[in-house]
1. Go through (1) surrounded by fewer than 17 Cβ atoms within 10 Å (Cβ to Cβ); (2) in contact with a Pro (Cβ under 9 Å, 6 or more places away or on another chain) one by one and return the number of the condition C:His101 breaks.
2. Any residue that is touching a strand residue (DSSP E or B) at 6+ places or on another chain (Cβ under 8 Å), of a type in the set (Val, Ile, Thr) and either assigned to a loop (DSSP other than H, G, I, E, B) or modelled with pLDDT of 95 or more (or both) - is there at least one of those in the range B:46-62?
3. Can you find even one residue in the range A:35-47 that is free of Cβ contacts under 8 Å to residues at least 24 places away in the same chain and more than 29 Å from D:Gly126 (Cβ to Cβ)?
4. Being within 16 Å of the chain's Cα centre (by Cα), more than 22 Å from C:Gly60 (Cβ to Cβ) and assigned to a strand (DSSP E or B) is the filter here; which residues of the range C:107-149 pass it?
5. Quick one: what pairs do we get from the range D:18-31, first residue on the phi < 0 side of the Ramachandran plot, second part of a strand (DSSP E or B) and surrounded by fewer than 20 Cβ atoms within 10 Å (Cβ to Cβ), C-beta under 7 Å, 6+ apart or different chains?
6. Looking at (1) surrounded by 17 or more Cβ atoms within 10 Å (Cβ to Cβ); (2) more than 14 Å from chain D (Cβ to nearest Cβ); (3) closer than 23 Å to B:Gln28 by Cα, which is the one condition that is false for A:Trp51?
7. Can you tell me which residue within the range C:66-93, out of those that are farther than 20 Å from B:Glu72 by Cβ and buried (at least 19 other Cβ atoms within 10 Å of the Cβ), is farthest from the chain's Cα centre (by Cα)?
Protein chains: 4
Amino acid sequence: MLDAATRAEFQVEGHWAMARRHRIRWIQCDIYAHINHAAYFTMFEDMRIDWWLASGGRFGADAEGPVVASIEAKYLRPGHFNEDVLLTVRAVSFRRSSFIHEYGLWRDGLLCSGRAVCVIVNNATGAKAPISDALRQLMLTRDQAIAEG
Amino acid sequence: MLDAATRAEFQVEGHWAMARRHRIRWIQCDIYAHINHAAYFTMFEDMRIDWWLASGGRFGADAEGPVVASIEAKYLRPGHFNEDVLLTVRAVSFRRSSFIHEYGLWRDGLLCSGRAVCVIVNNATGAKAPISDALRQLMLTRDQAIAEG
Amino acid sequence: MLDAATRAEFQVEGHWAMARRHRIRWIQCDIYAHINHAAYFTMFEDMRIDWWLASGGRFGADAEGPVVASIEAKYLRPGHFNEDVLLTVRAVSFRRSSFIHEYGLWRDGLLCSGRAVCVIVNNATGAKAPISDALRQLMLTRDQAIAEG
Amino acid sequence: MLDAATRAEFQVEGHWAMARRHRIRWIQCDIYAHINHAAYFTMFEDMRIDWWLASGGRFGADAEGPVVASIEAKYLRPGHFNEDVLLTVRAVSFRRSSFIHEYGLWRDGLLCSGRAVCVIVNNATGAKAPISDALRQLMLTRDQAIAEG
């Protein structure tokens, strides 16, 4: 999903499971003409959802799905209106019912990085649910994640 | 809910059922340092929800509630970050299962006006629901709305 | 920009100047699992900006650009998370320094239509600016807009 | 700004420099009827801005102001539509031109905590600016922050 030409175009570093191009929208920018700091979290949310759907997951009142327990972002350089950026996502590690996601927003290198601890919750019961074997395998191979715990 | 001092402070005109003060947030403003045009609709949504709750309504999967069939806004003068504004709402007319809402955002007079056609829908069935006698009376007296049709 | 296959896929009607595919985001949906009514205005804003840039315009403190004087939306059927929709935009008429935009959001036909009155304003002076001959020609031919006034 | 009655009402713990009541808006909630995780960052942004303005700061193209270098949130329990919550902010430490902010969102105890590293930047030059003596004193006394470095 992230070919050599795209990696070169946005100067992406490291292994990423998935990537998506995005053009920065007017609504994402603030009075100082920068991407608002909270808009990054919504872009990362888009990637988390893409990742979950592409990994065999679904959303719904009776589904199991990832709940964000904590999340952080580091802002290295500002982004601006109408710029073309690349969004990336990967799982870096997982335990029985949780995983750690990392995100990147790239344009001539990294503008912003993100990291979230996600817990798989059964929406019908509210209880934690174990990560399926299929998803564990996918994270190991596709994402190059590490099994912990 | 809209006393003479408040009317004078914001130079409000006309009769309004409800009002609420608001300070314009950083997130509501765009690169040109104006309130984004879509942010007005969310402020009007806040007033619609306040109005519905204050009129005996509630929200929920089994509740009857207003669905916006159409909405418009007219932008007379721009608003800016950190300004104190007044939001107002009133029903101006109603039929069997719909009503027309008007909204205002005021600061030294009107900055933006809004108008929505709302249909009462039963969330459990998706069917239109008649406006209750109690709400009809409230709109006639509190809002000075006109019964139509 | 809107070929026959795309028109058929989304059951688009009428002539449109530009179109863009979009997948409905989690952030755009509310508790009732529908696209929030205000989110449509931001999608239409994206189309207005695309249209302006594709028509030779630019954005900036010293640029001429469209200011929304009024805007409305009509909600025909609800949209939902993760659905693929098509966004369309066209100018339907123009005067010396203003034009009327129409927008559509399509999925098995029209879900939501929009209409905005836009005034060209010189950002440096705040004064109205006449529409250039080039843009008038583009609206006449590409958009099939009508010259008024 | 945070009296004993308010502390008891929301079961607030610890010392906070400033607090503000907020009622959760419809727009802040997602399909699962919870506050969207990114909406917390915008509420914390509101508190950061209040804090800056109340500390003698201002915003503008020629002003010095806080830029978020990194930010994180921990989600302990979900929040819901129309709930009354309390937002709190404090500086916990500072260096020559940066400070660490903490945020809380409270309802029967803590729902969500936040932590940001903020750097004071001169908007005209883009350069880091030292924290004024007045602000240092205010952080020491009002916020009970620690001087580091």
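The values are calculated or read from the model by the stated rules, or taken from the named source; none is laboratory data. Computed from a predicted model, the values in this text were never measured in an experiment. Positions of Cβ are backbone-derived with ideal geometry, glycine not excepted, and every protein chain shown enters the neighbour counts.
1. For C:His101, the failing item is (1).
2. no
3. Checked against the condition, which is being free of Cβ contacts under 8 Å to residues at least 24 places away in the same chain and more than 29 Å from D:Gly126 (Cβ to Cβ), the range A:35-47 yields at least one hit.
4. C:Leu110, C:Leu111, C:Cys112, C:Ser113, C:Gly114, C:Arg115, C:Val117
5. Listed pairs, sorted by first residue: D:Arg21/D:Asp84; D:Arg23/D:Asp84.
6. Just one mismatch for A:Trp51, condition (3).
7. C:Phe81
One line per residue, one yes/no per condition, for (1) touching a Cys at 6+ places or on another chain (Cβ under 9 Å); (2) farther than 18 Å from D:Glu13 by Cα:
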{"site": "D:Phe81", "(1), (2)": "yes, yes"}
{"site": "D:Asp84", "(1), (2)": "no, no"}
{"site": "D:Asp108", "(1), (2)": "no, no"}
{"site": "D:Arg115", "(1), (2)": "no, no"}
{"site": "D:Ile120", "(1), (2)": "no, yes"}
{"site": "D:Ala124", "(1), (2)": "no, yes"}
{"site": "D:Lys128", "(1), (2)": "no, yes"}
